[in-house]
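Report on the following structure.
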Amino acid sequence: MNRLKSNVKSQRSELATCDLRPSLCDLRLATNRIGFTLIELIVVILVISILAVLAVEKIAAVLSSTRAQLAANEISLNLRYIRNMAMDQERTTRVIFSVVSNSYSVAIYDTNTSNFVEAVNPVTQQSPWLVDVNKRFPGVELAVSNIPGNTLYFSKTNGIPCYNTNSPLTTNGSITFDSGLTVTIVPDTGYIELK
């Protein structure tokens, strides 16, 4: 029995000398966390915001480039169509580019009135055939060079591009966009290419 009493006393003395307070590491490991701290949430929101801003800027740049490419493709296709329309109907066609209003309009020579009349848009079947680049392709700007008076004619007999009804272009005609894309009209053949 003495032995038992001495064992109990020794255990009590060990407990008395032992520091019963839990350490910081023990508290972190022992607690069951159910949520996030405010700092963790703020950091995550900040990272997501930065990534979103970068993504929006990249998307805006891609959209702007795509709009410019679509506008250049449309003008290129329209000029080919207008050239072919002149030869097919054996009537001179005219395209007037307006840098100020960022648009172009199409007219065709009317043999009855001996004057140019507004052409019908082949897609919408509406007259006048007026393309407002601002409406069709927001943010795309049009600049014309090497086309005197910003007016381009296509001959009724062979589709040769002219700067008036009878005088063929002597140098490449070009329509340039603010993005750097250029639609070029070759003077001798009327070939239209996009660069």
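The values are calculated or read from the model by the stated rules, or taken from the named source; none is laboratory data. Being a predicted model, the structure only gives us computed values, none of them experimental. Please note: Cβ atoms are built from the backbone with ideal geometry, for glycine as well, and neighbour counts cover all protein chains shown.
Applying the condition of being of a type outside the set (Ser, Thr, Tyr) and in contact with a strand residue (DSSP E or B) (Cβ under 6 Å, 6 or more places away or on another chain) to the stretch 62-84 and asking which residue is farthest from Asn164 (Cα to Cα) yields Ala68. From the list Glu57, Glu90, the lone residue that is farther than 22 Å from Ile147 by Cβ and touching a Lys or Arg at 6+ places or on another chain (Cβ under 7 Å) is Glu90. Quick check, is Asn102 on the phi > 0 side of the Ramachandran plot, surrounded by 17 or more Cβ atoms within 10 Å (Cβ to Cβ) and not hydroxyl-bearing (Ser, Thr, Tyr)? Answer is yes for this residue. Residues in the stretch 168-183 that are touching a helix residue (DSSP H, G or I) at 6+ places or on another chain (Cβ under 9 Å) and either surrounded by fewer than 20 Cβ atoms within 10 Å (Cβ to Cβ) or assigned to a loop (DSSP other than H, G, I, E, B) (or both): Leu169, Asp178, Ser179, Gly180, Leu181, Thr182. Considering only residues in the stretch 142-162 that are at pLDDT below 90 and not polar (S, T, N, Q), the one that is nearest to the chain's Cα centre (by Cα) turns out to be Leu142. Determine whether Val62 is under 19 Å from Asp178 (Cα atoms), touching an Asp or Glu at 6+ places or on another chain (Cβ under 9 Å) and free of Cβ contacts under 8 Å to residues at least 60 places away in the same chain. Judged against the criteria, Val62 is not a match.
Name the residues in the stretch 93-127 that are within 14 Å of Asn150 (Cβ to Cβ), part of a loop (DSSP other than H, G, I, E, B) and of a type in the set (S, T, N, Q), would you?
Ser101, Asn102
Can you pull out every residue in the stretch 119-160 that is touching a Leu at 6+ places or on another chain (Cβ under 7 Å) and over 15 Å from Leu79 (Cα atoms)? Matches in the stretch 119-160: Phe137 only.
Residues considered: Arg94, Arg67. Of these, the only one that is modelled with pLDDT of 95 or more, of a type in the set (D, E, K, R) and surrounded by 14 or more Cβ atoms within 10 Å (Cβ to Cβ) is Arg94.
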